[in-house]
Amino acid sequence: MKKSIYNLYTENGDGRKIIYNSFTGKQVRFEKEMEKEYENVLTDNFHQIRKEHLEVLMASGILVDVEEFHELNNFYNGIVFNQDFLEITVLPTDACNFRCIYCYQTGPYHKMELDTANGLLMFLEKNCMKYKRILLGWFGGEPLLQKDMVIYVTERVKNMCKKNGIAFVSRMSTNGYELDLDTAKSLIKNSLLFYQITIDGTKETHNIQRPHIANGDSYEKIIYNLKEIKNNIRSSQLSIACRINVSERNYRVLDSFLDEFKEQFGDDTRFKVVVEPVHDWGGENIEKNKDLVIDDRLCEIVKRFCELAAKKEVHVLMPMDFGRGNLLCEASRKNSLVFNFNGDLLKCTSAIYTGGIAQDINRIGHIDKQGNCHINENWEKQWLKREDDELMDRYGCRNCIGYPLCGGSSCVLATNIIKADVCENKQRIADYIEGIVVYNDLTGKYLEIA
Amino acid sequence: MNILETLEECFAENGIVINNMDEELELDSIQYISLVVTIEQKFEMEYPEELLGEKAILTFNKFYEDVKRINEIGVNQ
């Protein structure tokens, strides 16, 4: 028996000791009279720990008798090379009706033609029976600028899966402006159930950071759409993640944002909030707005956000909510592809705009209008390879508390393609975990040693 | 509507094979969500939150009992 290498040792505001384990996502809190048990864990004095407490510590993964790193590696290799699951993210357009001040995406703008979409459908008709599960994602630009195409493709893929006995779910990142009730009904009936919609704080801060190209008040429209969905659509599996990109400019309104969210959506558990910092996603816009970037205060902000959300009883979407490996980048998986508006197959939506060799290696193939798929396997391999020793040593993965969440692949563009000197997500993930600990403590999501 | 037959269709449409109605099903999140959505659409109902708990042991019979219960509540309302 030994301590897990993925334990975070901390304490809450009342001085009670806490251990969080990122392998299991479980958290144990020690009542003040049990501090000696906490010390026994820290000093490897396991034989001094009471039997019932040992059981709790083993069940939560804080104490283990397995080789965790190798177990995780096997787990991640299973995800990366899984043959049962196909994920396709479609970019029907790179145009957008917003001009967010930190966006990395630029023109000129394009849209997918019908015969390109039909090529994708033909490819799926020929190949879908190889899979047990298909996840269809929609991204952009703003995908709902091509809403007819989104409905057309999603409906056909759903019917294809139904006919072939394949589980099917679809998801979308959208600014929410075009997600009116009728559109939402059409999408949701075709199993497009997961939405990420960004609301950057209150009306005032949102409309400054995320202006519509013509309407100065995108906030009102988005909130109206979401309320219509909340009040009129009864589907238990619908999930709407309202993301706030926190910047130095909207940080001051976190409290108000959560109050407003609570008032409008707090009684519906299908609506949750997600916090992300504004960071340098690349592109010209962020160069002009560097003051927005908040990376160095992320821990403070995430903890504050989680504390406020917990006290206001607002549901927060956490990385661990989707299980271990949720921060494993989609591009690291063999059967995860991005289908661009022109029929190209890509691995990464960010790499579209990086320029240079990364942009070239990103284009791993093409699906033609007859549904034939052509893939450059050498380039594909670059995204999938897991050079364990080199990668683990370069980025310090082996003992990183984030490893159970990301498997060393939180951004394969950075690690495998650009070969960055350091892992930019290491500290970010650790900061998020600090926030998770606060949230769990305040919402009772922990096991107690008392 | 024959609940049992319709429920069997829901499982088949999601590629979930039933060997034994009391056997614990191993469903990942996509299979689970897709199955629940199929059930909700075919039976024109909404699963109440209390029946969707994480800790529920999932068997075909559990889903069958849930659907019967929800249908009865719907008829009585």
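Using DSSP to call loops (not H, G, I, E or B), can you name the GluC sites (Glu not before Pro) in region A:16-96 whose Cβ has at most 13 other Cβ atoms within 10 angstrom? Sparse-neighbourhood loop GluC sites (Glu not before Pro): A:Glu31, A:Glu67.
Residues of region A:164-209 that bury at least 40 Å² of accessible area when the other protein chains are present, relative to the chain alone (probe 1.4 Å, heavy atoms, ligands and nucleic acids excluded): A:Gly165, A:Ala167, A:Val169. Translational diffusion of region A:186-261, estimated by Stokes-Einstein from the Kirkwood radius over alpha carbon pairs at 10 °C in a medium of 1.306 mPa s, is 118 µm² per second. Sorting A:Phe75, A:Phe261 by solvent-accessible area of protein heavy atoms yields A:Phe75, A:Phe261, largest first, with a 1.4 Å probe. A straight line joining the Cα centroids of region A:67-99 and region A:314-384 runs 8 Å. Relative to the globular-protein estimate of 2.2 N^0.38 Å, the Cα radius of gyration of the protein assembly as shown stands at 0.99.
Rolling a 1.4 Å probe across the protein heavy atoms gives chain A an accessible surface of 42 Å² per residue.
Residues in region B:3-76 average 57 Å² of solvent-accessible surface per residue, probe 1.4 Å, ligands and nucleic acids excluded. Surface composition of chain B: carbon plus sulfur atoms contribute 46% of the solvent-accessible area (1.4 Å probe, protein chains only, all chains present). With R₀ fixed at 41 Å, the C-beta to C-beta distance from A:Asp182 to A:Asp84 puts the FRET efficiency at about 0.75. Protein heavy-atom surface of region A:303-365, 1.4 angstrom probe: 48% of the accessible area is carbon and sulfur, with nucleic acids and ligands not counted. Full extension of the chain between A:Lys230 and A:Glu155 gives 24.8 nm of extra length, using 0.36 nm per residue less the Cα-Cα distance. Among DSSP bridges having both ends in the protein assembly as shown, what percentage is antiparallel? Round to the nearest 5. Roughly 35 percent of the beta bridges in the protein assembly as shown run antiparallel, per DSSP.
Here the Karplus curve 6.51 cos²θ - 1.76 cosθ + 1.60, taken at θ = phi - 60°, turns the phi angles of region A:417-429 into couplings of 9, 6, 6, 4, 5, 10, 7, 6, 8, 4, 5, 4, 5 Hz, with x standing for Gly and Pro.
Going from the isolated chain to the complete set of protein chains, region B:28-70 loses at least 50 Å² of heavy-atom accessible area (1.4 Å probe) at B:Ile30, B:Ile33, B:Val37, B:Gln41, B:Glu46. Sequentially through region A:298-315, phi angles give Karplus couplings (6.51, -1.76, 1.60; θ = phi - 60°) of 4, 4, 4, 5, 5, 5, 5, 4, 5, 5, 4, 4, 5, 5, 8, 6, 9, 6 Hz, Gly and Pro residues having no value and appearing as x. Could you check how much of the accessible area of region A:129-258 is carbon and sulfur, as a whole percent, using a 1.4 Å probe? The computed percentage sits at 46.
The Cα-based radius of gyration and maximum Cα-Cα distance (Dmax) for region A:82-322 are 18.5, 52 Å.
Per the helix-only calculation at 222 nm, which mean residue ellipticity applies to chain A, given -39500 (n - 2.57) for every DSSP H run of n ≥ 4 and division by its residues, nearest 500 deg cm²/dmol?
-11000 deg cm²/dmol
Diffusion coefficient (Stokes-Einstein, Kirkwood radius over C-alpha pairs, 37 °C, 0.692 mPa s) for region A:130-212: 238 µm²/s, rounded to a whole number. Chain B contacts chain A over a buried accessible area of about 1500 Å², both sides summed; the probe is 1.4 Å and only protein chains count. Across region A:248-265, computed HN-Hα scalar couplings (Karplus, 6.51 cos²θ - 1.76 cosθ + 1.60, θ = phi - 60°) run 5, 8, 10, 4, 5, 9, 3, 4, 5, 4, 5, 4, 5, 4, 4, 5, 8, 10 Hz from first to last residue, x flagging Gly and Pro. Computed from Cα atoms, the angle from the helix A:68-80 axis to the main principal axis of chain A rounds to 10 degrees. Net length available on complete extension from A:Asp280 to A:Ala430 is 52.1 nm, with 0.36 nm assigned per residue and the Cα-Cα distance removed. Think of it as helices only: each DSSP H run of n ≥ 4 in chain B is worth -39500 (n - 2.57), and spread over all residues that comes to -18000 deg cm²/dmol at 222 nm. Three principal axis extents of region B:3-76 based on alpha-carbon atoms, in descending order, are 33, 26, 21 Å.
The values are calculated or read from the model by the stated rules, or taken from the named source; none is laboratory data. Note that the coordinates shown come from a computational prediction; the quantities given were computed from them, not determined experimentally. Positions of Cβ are backbone-derived with ideal geometry, glycine not excepted, and every protein chain shown enters the neighbour counts. Accessible surface is based on the protein model in full, side chains and every heavy atom, while ligands, DNA and RNA are left aside. Shrake-Rupley method; radii C 1.70, N 1.55, O 1.52, S 1.80 Å.
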